[in-house]
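Nothing in this text is a laboratory measurement; each read-out follows from the coordinates by a stated rule. None of these values were measured; they are calculated from a predicted model. Cβ atoms come from the backbone with ideal geometry, glycine included; neighbour counts cover every protein chain shown.
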Amino acid sequence: MTWNLQWLSEQQQEVKRTQQDYTILKQIFLTYEPDILAFQEVNDAASLYRIVPNDQYEIFMSSRIKNKDDIFNGSNQFTGFAVKKHLAVKTYPDITTLSSPAIALEKKHFKQKLRYGAAIKVTLNQHDIVIVSVHLKSGCFSPKQLTKKHKKSCQTLDLQRILLQQWINQQEMKKQPFILIGDFNHRISLNTANDTTHFLSRSNPQSTIKWLTKNVKGNCLTKRIKNNKPYYRRYKHLIDHGYSSNSFHVTSVQQIPYSPQQVEHNQLSDHCPIIFDLNFTPSRSSFLNGNKQQA
């Protein structure tokens, strides 16, 4: 599962939530009980443990939380994971270059303090799988905008895209199975007719990267409060996505929409969770699915 939890924080500076809000978020999570949750916009483990049972899950926060040069005063938006405790988890380097991509690619010295791609390595039937939770730059939502790159946000997102492509190429060279999921802040499927318009192109002729959310339709009803007045919006195009190496076969991928009643009466998130049911090829008996093993 991937889920952007919109400024989830015990400080409650950006988004204020009641105990009832947390109860509904927890009910949604426990309905599916994924083995692995890739989260975005979580400031602290304490707030996430109000949704994720601490006797069943271990939380892995992005290494950015320990880097004073890349965090802000007050609340931060960290990426990371909540993993069921029966799974064996190893450390794996975060994609820290996503924080200041212009510096990483030697374009210009422009420090931005953006989100890291949090990474872990999970062992399934003696096979190591790398999973990355990303939260890319907001403000460049359509492929047309990204192609023109007039907006600064589009220039930044394009550099992050290049860095992700480089990371993918490195994993493929090492024959390392991987899953890359999270908030891409981009409507990748908008006006997409063929593989040539993929956000992550197949620049490597040997690449067989899979776009896991290619056929998923968006239908996420959200609410924001402005001047004590609620404003509702239904998002029809995904900006939360998933990619993987060729080691995975998609059994099912779906967005989990909130009900109108849940949205009206609670402050949930401006993103709906997406759940993945994937079959890992090297060991057909291993699944990233539900009570089997689900992400």
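Structural remarks
- Cα coordinate range in the chain, projected on the principal axes (Å, largest first): 52, 48, 41
- Kirkwood Rh in Å, taken over region 83-236 so that all alpha-carbon pairs contribute: 17.4
- Packing, as the average of other Cβ atoms within 10 Å across residues, places the peptides 2-11, 234-243, 17-26, 102-111 in the order 2-11, 234-243, 17-26, 102-111, highest first.
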